[in-house]
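Derivation of every value follows stated rules applied to the coordinates shown; laboratory data play no part. This structure is a prediction, so every number in the text was calculated from the model and none was measured.
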Amino acid sequence: MRKRNRSNVLLVEILIAVLFFMLSATVLVKVFVTARNMTVRSGVESKAVVDAQNVAESIYAAEDIDALLEGMGFHSSHGSWTLDRGDYTLYVDGSAKPTDAGELWSGTVRAFYKLRNPDAVRAEDEELFSLTCTRYKGVANS
């Protein structure tokens with residue numbers, strides 16, 4: 001009987017060790033997946049920042065903002081411009097205010113990160129950042 005008790009205790013001890021290692025492996029896999037997702041997101045955010053800054057600076061220097069955005073590949077919809085870049089989407093919206101001395105265009109360039117939900121078919125967007133840009137076009141004195 002004593003021999004049988006020792007076998008059962010050894011078996012229970014081995015099972016506890018296996019369960020401990022399975023739990024440890026699960027936690028480590030989750031940590032590595034989270035780290036990879038953070039790395040991918042920061043890479044996408046870096047690309048989006050450079051792209052949005054380029055758009056904002058181009059708007060600042062443009063004579064015709066609508067023609068510029070169309071030339072850059074943006075699509076217009078209800079006064080807002082959209083450019084899909086795969087992992088992120090850029091949105092530009094703004095309005096021009098005429099003044100006595102010229103025209104002031106002010107707007108925002110926003111970037112949204114596309115979150116992929118494996119349980120659903122559609123993607124959800126999360127705002128990464130927003131840049132404010134302004135363009136003043138003065139009237140030439142004659």
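Against the main long axis of the alpha-carbon atoms of the chain, helix 2-61 sits at an angle near 10°. Estimated at 0.36 nm per residue, the fully extended path between F21 and S77 surpasses their Cα-Cα distance by 14.7 nm. Amide H to amide H distances under 5 Å link R85 with L90, where only residues 5 or more positions off or on other chains count and H is placed in the peptide plane.
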